[in-house]
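Structure, as structure tokens:
The values are calculated or read from the model by the stated rules, or taken from the named source; none is laboratory data. These figures come from a predicted structure and were not determined experimentally. Ideal geometry is used to build each Cβ from the backbone, glycine not excepted, and the neighbour counts take in all protein chains shown.
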Amino acid sequence: MKKNPVFSIACTELKMIFSTPVAWLMLIVFSVMCGLFFTDVFRIYVEGQEAGSSLTFVTEGLFCSDYLGLFPKVQAWLYLFIPLVSMGMLSKDLGSGTVKLLYSSPVSDTGIVLGKFLAMAGYCLAMMAVVAVFAVFGCAAIRNPDVPLVLTGMAGLFLLSCTYSAIGIFMSSLTRYQAVAALATFAVLAGLNYVRLLWQDISWVRDITWWLSISGRCEEFINGLICSEDVIYFITVSALFLALTVLGMSNRRKSRPAAMRAAGYAGVVLCAVAVGFISSNPHLMCFYDSTETKKRTLTRPSQDVMSRVKGPVVMTTYSNILDEEGFYLGVPSRYNSDKEYISQYLRFKPDIKIRYEYYWADSGSKSVKRRFPDLTDAERAERIADVYEMNIDRFQTPEEIARKIDLSGEGYRLVRQIRLKDGSTTFLRVFDDSQRLPQEKEITAAFKRLVDGPVKAGVVTGHGERNIYREADRDYYAFATSKFFRHSLINNGFDVVEVNPGEGIPDDLGILIIADPRTAYTGEELSAIRDYIQAGGNMLIAGEPGREDVLNSIVDGLGVRFDGARIAVPAGDFRQDLVLAGVTDTAVETMPSLDILKRHEYRITMPGATGIEVIPQEGIRADIMLVSDPEGWNELQTTDFENGEASCDSLSGERRGSRNLGVCLQREMPQTGKVQKILVLGDADCFSNAELMRDRYAVRSGNFSLLYEAFRWLTDGKYPVDTSRKGGSDTGFDMEIGSLPLTRWSLVFIMPFVMLVVSAVIIARRKSR
């Protein structure tokens, strides 16, 4: 049977590659580099396990993480190794004159180039075989490894190395000097990494430069996501450079007019661009998430929400050039970055359109006014536009933007508006934290708000309760109405309003919140609150010590009672009235996501708490959620916990023991068929502005988690949206620390030594022939 000439060339070239010391030397050096890096990281993980550290997502950490993963390092090293191997694929033939023999052979130019490429692909497979040794060892050592994640990463590395090879072959076809070919390959690869940063503010150019960029393509594979666009990219770019190589060889063999040669090159490039344009269409993309927990895909609740979004969606970014802290997130050059940012949503809703509106208005930025104290807002905007090299005519005046949308409530800061086909809209904000941009939880909450509507939470006012608009330490602005705090209720599907029970309680309330009333309610107000309770409304009731009379008038008949005494704990690092409440097993049964607080011994910090007595009541189920330390007591004498020291005085009626600090009440309402839910807390400070922002040394606070789970429970799981994911099953190693020296010797020294011996034998046999 006649052998295919393409494979004959490939086999010959592959033998020539492995008959040279340089190729073997690079393979051995590559192996040593992988071994040194891998064993160092492996030792860190195993020592951490021996020290009692809790490990999770070990496969990802060992192979895929940006700083400690092997695959990102290999990706960087391929940039150095591949050009040094591919530099001689055609340049040596041009330099020695053997290219004439190739031209005179019955093999076409396409066959010659494909043969050379297959030889390089064989060398790339050899490099991947080295990586596979570490992958097999790691998966054997890891308990329940995420094998598909490892295989996906290796597939991405192989495709990347083949693409580098195709580029290297093209560069080697342009010169007879191998060093020049290598340097040219380095330059082209650097350009392909950098090109995504060019002309991103020009709408018709940025899509081309973004697609041409090789940067970030392999990272998707390494992180466990196979996207059809990335696969097609590697194939298309490889085919592009191979086709250019074939054209170059053909033009060298046959004399053609310059116009014809240029047309040939242009046609190949245009075909590649066309393929790229088609493959980057979100409607045509296919995906496969190989991670065990599907962390590269939207969670099920998010997918459910997006499946119910009907018609096209327009996401408009309103960017104010005088909003110094947010404007850089909305500049024109970020268009493709924004598409990448919402790429998981585009997978399930590909008809999301991104728009931008630019304007200038006073955002209250002190730094802008400090830098340009003597200028008007218009002049400041013009000066800053010059810095960004943008035309000031592109920016709308305050009057012009006001005719389109009222942004005064957003403080004229960067904000995105999501608009559905039916005209309904909601804002998606950026936040005052290190992440700045909204994450899946906030984005899904915005879409769900449009699809299902918000839940209305009413906060009772009029008797000194916690205020939802003030930023004082004791108040509730942060968790309730702060627009630039990602964890606030209004950014997670709620509308929060103040309610005066004397004027009646709205029928459309989903939750009624009574937080630390200081004075007694009138009979009319109490009647309105009790009517709400009897109608089956859900509630959050939070009290403070010394106000039991007011509180008990509200909870009368619900099977609970505030005892009013302040709980104290033995003297330690903090004030004695700071109670670190523990989560009960019952709490985990009621709110399963609190399991992490229970397992990792988080505490709910309650500065100044009172106990809650549970009184059995027919038809009402009472579940104890939070309890105080058994060493604490009901302090009846000490009032100055800042300067004095309290002690348990049994003669005055003080008793040590654990007390209930959080109780969940549930009862079925026959008239509505629903289950009424009421959460009663013995402290109102645990959700205050100061407490949510406070960080105490050696105290693991779970107040945020309790806040989220409490409102999720009160809304029957509607809000906040649960986008949590289960942990990976790869939680450790089946290897002891004593095996580390042998592991290092085997992977760093013995394996490269075996490769050295094999290379010496192959080269010696080649020379003997």
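Every listed requirement among (1) modelled with pLDDT of 85 or more; (2) more than 19 Å from Ala76 (Cα to Cα); (3) surrounded by fewer than 17 Cβ atoms within 10 Å (Cβ to Cβ); (4) not charged (D, E, K, R) is met by Asn193 save one, (2). Could you check segment 11-51 and list, in sequence order, the residues that are of a type in the set (S, T, N, Q) and either in contact with a His (Cβ under 9 Å, 6 or more places away or on another chain) or at pLDDT below 90 (or both)? Residues satisfying the conditions are Thr12, Ser19, Thr20, Gln49. Every condition in (1) in contact (Cβ under 8 Å) with a residue 40 or more places away in the chain; (2) farther than 23 Å from Thr425 by Cα; (3) over 24 Å from the mean Cα position of the chain (by Cα) holds for Ala478 except the one numbered (3). Would you check if there is a residue in segment 146-155 being of a type outside the set (Ser, Thr, Tyr), touching a Cys at 6+ places or on another chain (Cβ under 7 Å), within 27 Å of Gln344 (Cα to Cα) and surrounded by fewer than 19 Cβ atoms within 10 Å (Cβ to Cβ)? Within segment 146-155, one or more residues are of a type outside the set (Ser, Thr, Tyr), touching a Cys at 6+ places or on another chain (Cβ under 7 Å), within 27 Å of Gln344 (Cα to Cα) and surrounded by fewer than 19 Cβ atoms within 10 Å (Cβ to Cβ).
For (1) β-branched (Val, Ile, Thr); (2) over 29 Å from Thr209 (Cα atoms); (3) touching a helix residue (DSSP H, G or I) at 6+ places or on another chain (Cβ under 8 Å), each residue gets a yes or a no:
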| residue | (1), (2), (3) |
| --- | --- |
| Val309 | yes, yes, yes |
| Glu324 | no, no, yes |
| Leu329 | no, no, no |
| Lys349 | no, no, yes |
| Tyr358 | no, no, yes |
| Ala381 | no, yes, yes |
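Is it the case that Tyr318 is in contact with a strand residue (DSSP E or B) (Cβ under 9 Å, 6 or more places away or on another chain), surrounded by fewer than 17 Cβ atoms within 10 Å (Cβ to Cβ) and in contact (Cβ under 8 Å) with a residue 60 or more places away in the chain? Here the answer is no, as Tyr318 does not meet what is asked.
Step by step: first the residues of segment 552-580, then only those that are assigned to a strand (DSSP E or B) and among the small types (Gly, Ala, Ser), then the one that is nearest to Glu631 (Cα to Cα). Which residue is that? Before you say what the answer is, go through the steps one by one.
Of all residues in segment 552-580, those assigned to a strand (DSSP E or B) come to 560-568, 578-580.
Then keep just the ones that are among the small types (Gly, Ala, Ser); that gives 564-565, 568.
Numbers: Gly564: 19, Ala565: 16, Ala568: 9 Å.
Applying the filter and picking the extreme gives Ala568.
Within segment 489-527, the set of residues being in a loop (DSSP other than H, G, I, E, B), buried (at least 23 other Cβ atoms within 10 Å of the Cβ) and either free of Cβ contacts under 8 Å to residues at least 60 places away in the same chain or among the aliphatic types (A, V, I, L, M) (or both) comprises just one member, Pro517. Arg466 meets the conditions (1) assigned to a loop (DSSP other than H, G, I, E, B); (2) touching a Gly at 6+ places or on another chain (Cβ under 9 Å) in every case but one. The failed one is (2). When restricted to residues that are closer than 12 Å to Asn320 by Cα and outside any helix (DSSP H, G or I), segment 407-422 contains 7. Beta carbons closer than 8 Å, at least 6 apart along the sequence or on distinct chains, pair a first residue in segment 222-244 that is among the aromatic types (Phe, Trp, Tyr) with a second that is part of a loop (DSSP other than H, G, I, E, B) for Tyr233/Ile214.
Would you confirm, using the coordinates I've provided, whether Ala239 is at negative phi and modelled with pLDDT of 90 or more? Let's see the steps before the verdict.
Details: at negative phi: yes; modelled with pLDDT of 90 or more: yes.
Judged against the criteria, Ala239 is a match.
A residue that is crowded, with 18+ Cβ neighbours inside 10 Å, under 39 Å from the mean Cα position of the chain (by Cα) and closer than 27 Å to Thr461 by Cα cannot be found anywhere in segment 550-557.
The numbered conditions (1) outside the structural domain of Arg394 (by TED's automatic domain parsing); (2) among the polar types (S, T, N, Q); (3) buried (at least 19 other Cβ atoms within 10 Å of the Cβ) are all true for Asn281 except (3).
The lone criterion from (1) surrounded by fewer than 21 Cβ atoms within 10 Å (Cβ to Cβ); (2) within 39 Å of the chain's Cα centre (by Cα) left unmet by Leu594 is number (1). Within segment 723-742, if we keep just the residues that are in contact with an Asp or Glu (Cβ under 9 Å, 6 or more places away or on another chain) and surrounded by 15 or more Cβ atoms within 10 Å (Cβ to Cβ), the residue that is farthest from Ser54 (Cα to Cα) turns out to be Thr723. For Met669, indicate whether it is modelled with pLDDT under 90, over 18 Å from Arg603 (Cβ atoms) and hydrophobic (A, V, I, L, M, F, W, C). Answer is yes for this residue. Condition check for Arg700 on (1) more than 25 Å from Cys648 (Cβ to Cβ); (2) charged (D, E, K, R); (3) out of contact with any Phe, Trp or Tyr (no Cβ under 6 Å at 6 or more places or on another chain): one failure, at (3).
Taking residues in segment 734-757 that are in contact (Cβ under 8 Å) with a residue 24 or more places away in the chain, and partners anywhere that are part of a helix (DSSP H, G or I) and among the charged types (D, E, K, R), the pairs with Cβ atoms closer than 7 Å and at least 6 places apart or on different chains are Ile737/Glu47; Ile737/Glu50; Leu740/Arg43.
Is it the case that Gly611 is more than 12 Å from Gly702 (Cβ to Cβ), assigned by TED's automatic domain parsing to the domain that holds Ala684, buried (at least 18 other Cβ atoms within 10 Å of the Cβ) and small (Gly, Ala, Ser)?
Details: more than 12 Å from Gly702 (Cβ to Cβ): yes; assigned by TED's automatic domain parsing to the domain that holds Ala684: yes; buried (at least 18 other Cβ atoms within 10 Å of the Cβ): yes; small (Gly, Ala, Ser): yes.
Answer is yes for this residue.
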